[in-house]
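Student: This structure is in structure tokens; I'll ask about it shortly.
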Amino acid sequence: MKSSPSRRTFLITSIGAVSALALSREALADAPKVAESDPTAQALGYKLDATQVDKAKFARYAAGQDCGNCSFYQGKATDAFAPCPMFAGKQVAAKGWCSAYNKKA
């Protein structure tokens, strides 16, 4: 008959999981920044500065849209750069924009 995990086992496992999450968040903070020349960035029309978006090419763009208020932006409002799942393992500028923009709820 198997016994249930002890509190000690639970705490050790929890501490390990929390440590792993903290390290992965730190690694994301040091991730490279997306360059406009990146192939994915070009495909999505990414610009470091949303005011530089070609409105003729990206008619969906509207003033006030930027990565910082996009639902995909994984940073805080005060972060200048943060991870974005559209650019796996890279950070986007809070003031940037791409065609995957989706307003935060």
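The values are calculated or read from the model by the stated rules, or taken from the named source; none is laboratory data. In this text the structure is predicted, and so the values were computed from the model without any measurement. Don't worry about glycine lacking a Cβ; one is built from the backbone with ideal geometry, like all the others, and counts go over all protein chains shown.
Student: Limited to the range 66-105, what total is found for residues that are of a type in the set (Asp, Glu) and either on the phi > 0 side of the Ramachandran plot or out of contact with any strand residue (DSSP E or B) (no Cβ under 8 Å at 6 or more places or on another chain) (or both)?
Tutor: Of the residues in the range 66-105, 1 are of a type in the set (Asp, Glu) and either on the phi > 0 side of the Ramachandran plot or out of contact with any strand residue (DSSP E or B) (no Cβ under 8 Å at 6 or more places or on another chain) (or both).
Student: In the range 61-105, which residues are modelled with pLDDT under 95 and either within 22 Å of Pro39 (Cβ to Cβ) or crowded, with 16+ Cβ neighbours inside 10 Å (or both)?
Tutor: Answer for the range 61-105, where residues must be modelled with pLDDT under 95 and either within 22 Å of Pro39 (Cβ to Cβ) or crowded, with 16+ Cβ neighbours inside 10 Å (or both): Ala88, Gly89.
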